[in-house]
1. Taking Leu341 as meeting all but one of (1) in a loop (DSSP other than H, G, I, E, B); (2) touching a Lys or Arg at 6+ places or on another chain (Cβ under 7 Å), write down the number of the exception.
2. Which of the residues that make up the stretch 322-342 are free of Cβ contacts under 8 Å to residues at least 40 places away in the same chain and within 19 Å of Asn470 (Cβ to Cβ)?
3. Checking the structure you have, find out if any residue of the stretch 460-475 is closer than 23 Å to Val327 by Cα, assigned by TED's automatic domain parsing to the domain that holds Leu316 and not in a helix (DSSP H, G or I).
4. Closer than 30 Å to His285 by Cα, modelled with pLDDT under 85 and surrounded by fewer than 12 Cβ atoms within 10 Å (Cβ to Cβ), is that true of Thr73?
5. Kindly check whether there is at least one residue in the stretch 404-413 that is assigned to a helix (DSSP H, G or I) and more than 25 Å from the chain's Cα centre (by Cα).
6. Test Phe379 against the criterion of being in a loop (DSSP other than H, G, I, E, B) and either farther than 24 Å from Lys350 by Cβ or in the same structural domain as Leu453 (by TED's automatic domain parsing) (or both), and give yes or no.
7. What number of residues within the stretch 423-439 satisfy the criterion of being surrounded by 12 or more Cβ atoms within 10 Å (Cβ to Cβ) and under 45 Å from the mean Cα position of the chain (by Cα)?
Amino acid sequence: MTTEVTGAGSARSPHPGPSGQAPDQRSRGGRRGGAEQVRRTRELSTGFIVSRIAVLGVVAALLIYALPPLIQTEAWTALGVVGVVTALVAYLYLTPRHIPAKYLVPGTIFLFAFAIVPIVLTFVTAFTNFGDGHRGTKEEAVRAIETSSVTQVPGSPEYYLTIAERDGELVFLLVDPDTKAVQAGTADGLSPLTGAEVSLTGKVLSAAGYTVIPTAQAAERDAEIAAFSVPTPGGAVKATGLSRAFEGKADKSYDAACDCVTSPSGGRWVADEVEGYFVDAEGKHLDQGWKVDVGFANFTKALTDPTISGHFLNVLIWNFVFALSAVATTFALGMIVALALHSPRVRGTKFYRIILILPYAMPGFAMLLIWRDMFNTDFGLISKLFGVHDWLGTPTTARLGLIVINLWMGFPYMFLVITGALQAVPRELTDAARIDGASAWAGFRRVTLPLVLVALTPLLISSFGFNFNNFNNIKLVTNGGPYAIDNSTVGATDLLISYTYRVAGFDSGVADFGFAAAISVFIFAIVATVSTVAFWRSRAQEEVYS
């Protein structure tokens, strides 16, 4: 008797296997699935390659843009950092590994470039005398002193002058009236220039590598041209108008033996390495100085100078009032509007939301100037409406006006973020509160508000930090005023940032960046302390409502 085996495992079995397909069908299906997987992998790889090429193209463009100025200024440290970062980004996006880093590195680079580096530079600057008159090195100060004292003497060479630019820097193109030889004069000195096209009147029409500035445009830069000089041995080339220049002799010269500046008239200014000036016997110094380290002098000045420390506390109190009022009022109005439009019974919510965010979409500078004009004493709309003709002229109304302006400009932002936070509040919680008999106010206070605050605490802290340093509102609306009759240093609406701007000399045109940086460190410490405490409190709140 013959027995035929028909089990599932038999090669002769007419029944399909566990997958429901015959072996040859499974094989063909496997091949098709493998081909589709390879095709999908190939398509995915193509997309990755295109994105990598785009990213690397942007990085290469930035590298090409950054290299020339860094090499020109001999900023080798910055050049090394740029090279290392570029190599890191290139490696990261050329390798299929390190997927999380591909998303983290761009944000980290921008964090360092626009947050960490400015903070570090501010701290470093706070310990120097960097500012107008102290921007460069001692050698640059000596050169500026010598070139600024240049005077024309009988028999000094004269040139036909053409104003030009090269790489954004001002250049004098000088033509000798006798030999017609052309020279290029920069802040580093004179150099021969060949191949220039010169007119019969001695004006350079074109020169390779230089952009000739038309006379009309040069006339707009007459102050810059008059201050510019080309150093030469024992003197400098200065412009007389826009078409002529002369090579004069320096009235002051530096003597390395005594580390001093002398003049033929007997003047003598000795270098003071502590202050960064050349000082004479009477204690008077030359205008040009150089950058030196001053230790904690800027911080000491901020704390001990009565013209500064005497008003610091009042300014600080108003600064806190303004920042807290700005956050509280914008949050309250944004919450009210967001809750009103969050109700399902309201129709046309999209239209209302578009209208409400218009202040947020408009240019802030323009809106601040419009608000300032509405508070104008003579023709201001708000002044006429409320009968207050000097709204920005008294401390109380000026401060109130600033808070109102900030409320109008800031509440659309709060409205947007609160609207998003309300969408994330579970409806089950609010329904449960309603079923338990809670009133609308109790449900909002006990359920909705705490959950919204947990979500928005970081944004509220950032809003406080922004308004604590809201320079634009103060500068464009009140300029810190009104001021007391006997005190033009500090105004009733000055914040610390606008007060710093004024006492550091930015309004007067003689800026002291070192002192401004020192006060900025104080502001940074205040905001950082408040933010740290607020984040600590918010963490405890998260643990309660999580």
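The values are calculated or read from the model by the stated rules, or taken from the named source; none is laboratory data. The structure displayed is predicted, hence computed values, not measured ones. Note that we place each Cβ from the backbone using ideal geometry, even for glycine, and neighbour counts take in every protein chain shown.
1. With (1) in a loop (DSSP other than H, G, I, E, B); (2) touching a Lys or Arg at 6+ places or on another chain (Cβ under 7 Å) applied to Leu341, the lone miss is (1).
2. Narrowing the stretch 322-342 to residues free of Cβ contacts under 8 Å to residues at least 40 places away in the same chain: 328, 332, 336, 340.
If the condition is that a residue be free of Cβ contacts under 8 Å to residues at least 40 places away in the same chain and within 19 Å of Asn470 (Cβ to Cβ), then Ala328, Ala332 are the ones that fit.
3. Quick first cut of the stretch 460-475, residues closer than 23 Å to Val327 by Cα only: 460-475.
Now drop any that are not assigned by TED's automatic domain parsing to the domain that holds Leu316, which leaves 460-475.
Imposing the further condition that a residue be not in a helix (DSSP H, G or I) reduces the set to 469-470.
Within the stretch 460-475, one or more residues are closer than 23 Å to Val327 by Cα, assigned by TED's automatic domain parsing to the domain that holds Leu316 and not in a helix (DSSP H, G or I).
4. Details: closer than 30 Å to His285 by Cα: yes; modelled with pLDDT under 85: yes; surrounded by fewer than 12 Cβ atoms within 10 Å (Cβ to Cβ): yes.
Yes, satisfied.
5. First pass over the stretch 404-413, keeping only residues assigned to a helix (DSSP H, G or I): 404-413.
Keeping just the survivors that are more than 25 Å from the chain's Cα centre (by Cα) gives 404.
Checked against the condition, which is being assigned to a helix (DSSP H, G or I) and more than 25 Å from the chain's Cα centre (by Cα), the stretch 404-413 yields at least one hit.
6. Working: in a loop (DSSP other than H, G, I, E, B): yes; either farther than 24 Å from Lys350 by Cβ or in the same structural domain as Leu453 (by TED's automatic domain parsing) (or both): yes.
So Phe379 passes the test.
7. 3
Yes/no matrix, rows are residues, columns are (1) outside any helix (DSSP H, G or I); (2) surrounded by 18 or more Cβ atoms within 10 Å (Cβ to Cβ); (3) under 20 Å from the mean Cα position of the chain (by Cα); (4) assigned by TED's automatic domain parsing to the domain that holds Gly202:
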residue: Val84; (1), (2), (3), (4): no, no, no, no
residue: Ala87; (1), (2), (3), (4): no, no, no, no
residue: Arg97; (1), (2), (3), (4): yes, no, no, no
residue: Pro100; (1), (2), (3), (4): no, no, no, no
residue: Val105; (1), (2), (3), (4): no, no, no, no
residue: Ala115; (1), (2), (3), (4): no, no, yes, no
residue: Ala144; (1), (2), (3), (4): no, yes, no, no
